[in-house]
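Each remark here refers to the structure printed beneath this line.
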There are 2 protein chains.
Amino acid sequence: MHHTVGKQSIQFSAAPHIVSAASVAGKKEGEGPLGEKFDLVCENPMFGEDSWEKAESTLQKEALQTALGKAKLLPSEIRYLFGGDLLGQLIATSFGVADMNIPMFGLYGACSTCGESLALAAMAVSAGYADYAAAITSSHFASAEKQFRFPLDYGNQRPLAATWTVTGSGAFILAGKGGRARITGVTPGKVVDYGVKDSMNMGACMAPAACDTIYQNLMDFNRQPEDYDKIITGDLGYVGQRIVIDLLKEKGFDISGVHMDCGIEIYDQETQDTHAGGSGCGCSAVTLAAHILPEIEKGSWKRVLFVPTGALLSTVSFNEGRSVPGIAHGVVIEHC
Amino acid sequence: MHHTVGKQSIQFSAAPHIVSAASVAGKKEGEGPLGEKFDLVCENPMFGEDSWEKAESTLQKEALQTALGKAKLLPSEIRYLFGGDLLGQLIATSFGVADMNIPMFGLYGACSTCGESLALAAMAVSAGYADYAAAITSSHFASAEKQFRFPLDYGNQRPLAATWTVTGSGAFILAGKGGRARITGVTPGKVVDYGVKDSMNMGACMAPAACDTIYQNLMDFNRQPEDYDKIITGDLGYVGQRIVIDLLKEKGFDISGVHMDCGIEIYDQETQDTHAGGSGCGCSAVTLAAHILPEIEKGSWKRVLFVPTGALLSTVSFNEGRSVPGIAHGVVIEHC
C-alpha cells in the first residue's frame, strides 16, 4: 500500500529508483564550478539549430537520449514521459520529445517543474502504472530572456537581485529497481503568494513557497532538518537563500547547516557575473543529474530533500501589475 | 493491483469515482444548445474583474467552489489539484486556485488538458495517494484571442475552418467512492505531428492525435467502437470530425456511429456564427460536466471514451514557421 503522510506528502512503500540521469548544458554552465560533471556541454548556444526555441528542444532531446543510453533503454520502453519547460505553451518540450513517440504529460510549474515531473513519474512507477517513466525539464538563457525579459540585442542592465537563466536540460529515468538512488517520498507544493511584484527578484518571490514546502515536508515526515544531509532548493540564489533560512527560523526550523541551492552552486558569482545566481527549470535539473545524484549514489549523502522552486508569472500577468506567486515541489531522494 | 494494458493504457483495478462536477460558462455558451445545463452562466464576460486573465481565474475559482459545494467538501479536504489553462505560464490557473491552498500540479496539454488532469487525478486516487483529488481546466474567448490571435478590437476576419474558444471552466472531484460515474481506464496520448501549419484550422492539426489515441485505446482494451456508447472528442469541430473518422476508417475502425465532438455540441453553428465549432480547454470540460456526465450518471450511456484534443503551438512557434502538432488524452468513463 502507498502511504499518504501528514497534510500533503506521500511516502512510497515501493520507492521508485532513479536508474539513470543525464545533463546537457551550455558553454557558460560548462565554465562554472560543475562544468566537468555535465554529460555534455555544447559550445554553440544554438545547438546547431536556427532559433533559440529549437535549440532548447534539441537540449531536451539530447538529455533524454543520453539518459536512455545510460539505462540501455529504447524510447519505446518508456511508458510515460513527464516533461516541461518555461516557454509559453511548452513548445520546447512538445517539439523536443515529439519524435520519441512516448505518451506525454505536459507540465508547467515554472522552475519547480523538475520537482513536479519527478514527483509524478515516481507516483506513476510506484503505483505500477509504468515499468519505466521519464522526467525531463529544460531552460535556455536566450529563449527565456526572449520570453520573459528583453531581446538579447537590447543589452539591458540587470539588477543585482536578478538571476541568470541556466541553459541546460536534465533527464531522469525511473523504474522499480536498479541504480543507487531512490525517491522515497514527495511533498507537492501549494501556490504561495506574498505579494512580491519584482520579477527581477525571483528569489524573494519563491522563498515563501520553498519555506512552505520544506516546513510541510518536515512536519509530514516528522523530521528535523538534520535528518537530511542536504536540503536543496532549486534556484533561490543568494537573495532567496537568506529569506528561506529566515522564514524557516521563524517557524522553528534552522536549515542553515544543511541548506544548499542549485542556483548558487552552478555559477561562480565572482567571475561569471551572474549576480544572484542561476535559475530556470534547467538549473535544478542539471545540478541534480550532474552533482547531487552522484553524491547520493556514492553514499556521501544518504538522504536529501530536493525542492525545485518556481516563480509563477508571465509577461501578461506582470504587465497587468500582478504579483509573482511561487510554488515549490519537494522530492526526498535516498541512497540505496 | 493496478493494470497496465497494451502499449499505453491503464485499467484501474480500483476505479476512481467522479463524485461531483461543475460547469461555469459565458453568455454565448449560455445561449447555445447546452445553455440550460450549465451550473452558472455569467452574462458579464469580465466576471466582475478588470482583465480577461483575471476573469478566467474567476471562472476557475467559481467552478471549483461549485464542485466542492456539490460534494459538500472544503478545499482543505482536497489533497491534490491537477489544473491548467491555455495561457502562457498557466496564469489563469495559478492565480485562480492560489487562495484555495491546495497542493497543485500545473498541467499544459493545450485543449487536451481536461483529459490530462482527469487522467492524473484518477491515477492519484486509484493508487491511494489522495482521498480526494480535483481536476480543473478553463479557457476564455478573450484571453485566448489576446494570447494566440489578435486583440478583439482589431476585428479580424475569421476563416471558416477556425473554431471559437469557449469561455468556460469545468471542475471535477474524484474519490474512491460516491457518485454514479467512474473512470475505469485512461490512454495518455503522444505528440503527433502531421506537419499541418494552419493555426486557423485546429481541427486538422488535432485530428491525427485523436485518431492515434482512440486507435490505441481500442487496441489496448481490445474493444470495438460499439463497445462505447459514445466516443467523444474535445474540440475537433466539423472539419476535424470528418478527418478523424476518415483516419480511423483507414486503420480499420468505423467510429462514425458513436462519434460526438464537444466543439460541435456546444454552439449552434447556424445561428451562433462559430464556424467550425467550439474549442479551448473549457470546451470539453464544461461539456463533460454539464452534458456528458449527467447522461452517464443516468445510465443512458454506460461507457464513454472521452478524448480531449490539444493543438500544441504558441505564437512564437507559429511565427517561426513551425507546424502545429496535436495531442489527445483518452479517459474511459462508465456508469456505476
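Derivation of every value follows stated rules applied to the coordinates shown; laboratory data play no part. The shown structure was predicted, so the numbers you read here are calculated from the model rather than taken from an experiment. Neighbour counts are summed over all protein chains in view; Cβ atoms, including those assigned to glycine, are modelled from backbone coordinates with ideal geometry.
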Over all residues in A:128-141, what is the mean tally of Cβ atoms on other chains that come within 10 Å of each residue's Cβ? 2
Checking the cross-link filter: which lysines have an alpha carbon closer than 18 Å to that of B:Lys249, excluding same-chain neighbours under 8 positions apart? B:Lys230
Over chain B, the sum of -39500 (n - 2.57) across DSSP H runs of at least four, divided by residue number and rounded to 500 deg cm²/dmol, gives at 222 nm -9500 deg cm²/dmol
Average partner chain C-beta neighbours within 10 Å, per residue of B:147-154? 1
Of A:Glu145, B:Glu31, B:Glu36, A:Glu62, how do they rank once you tally other Cβ atoms within 10 Å and put the fewest first? B:Glu36, B:Glu31, A:Glu145, A:Glu62
Taking the label point 7 Å from Cα along the Cα-Cβ vector, the copy-to-copy distances for A:Gly35, listed from shortest in nm with one decimal, are 6.7
By DSSP, what percent of the beta bridges with both residues in the protein assembly as shown are antiparallel, rounded to the nearest 5? 65 percent
Please work out whether region A:3-175 counts as rounded, prolate or oblate from its C-alpha gyration tensor, where a ≥ b ≥ c are the square roots of the eigenvalues and a/c under 1.5 means rounded, while otherwise a/b larger than b/c means prolate and anything else oblate? prolate
Would you kindly work out, in nm and rounded to one decimal, the distances from the label point of B:Leu74 to those of the same position in each other copy, ordered shortest first, with label points 7 Å along Cα-to-Cβ? 5.3
Residue-wise HN-Hα coupling along region A:28-39, computed from phi with Karplus coefficients 6.51, -1.76, 1.60 (Hz; x: Gly, Pro): 4, 5, x, 8, x, x, 9, x, 6, 8, 6, 5
To check you understand DSSP bridge types, tell me what percent of the beta bridges within chain A (both residues inside) are antiparallel, rounded to 5. 65 percent
For A:Gln11 paired with A:Glu36, estimate the spin-label separation in nm (one decimal), with each label point 7 Å from Cα along the Cα-to-Cβ line. 4.0 nm
How far apart, in nm, are the 7 Å Cα→Cβ label points at A:Asn222 and B:Glu295? 5.1 nm
Length added when fully stretched, A:Ser76-A:Gln269, from 0.36 nm per residue minus Cα-Cα: 65.3 nm
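Do the alpha carbons of any pairs in B:Lys27/B:Lys54; A:Lys37/A:Lys72; B:Lys27/B:Lys302 sit beyond 23 Å of each other, and which pairs?
Beyond 23 Å between Cα atoms: B:Lys27/B:Lys302.
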Between B:Asp246 and B:Asp99, with labels modelled 7 Å along Cα→Cβ, what's the label distance in nm to one decimal, could you check? 4.8 nm
Can you tell me which lysines have their Cα less than 16 Å from the Cα of B:Lys7? Leave out same-chain residues fewer than eight positions away. B:Lys190
Looking at region A:1-107 only, what percent of DSSP beta bridges run antiparallel? Nearest 5 please. 35 percent
Rounded to whole angstrom, the alpha-carbon centroid of region B:10-85 lies from that of region B:264-336 at a distance of 15 Å
Note, ³J(HN,Hα) from phi for region A:193-202, Karplus 6.51, -1.76, 1.60, rounded to Hz, x at Gly and Pro: 10, 8, x, 5, 10, 8, 6, 8, 9, 4
Sorted from largest to smallest, which semi-axis lengths in Å does the alpha carbon gyration tensor of chain A give for its equivalent ellipsoid, taking the root of 5 times each eigenvalue? 26, 25, 18
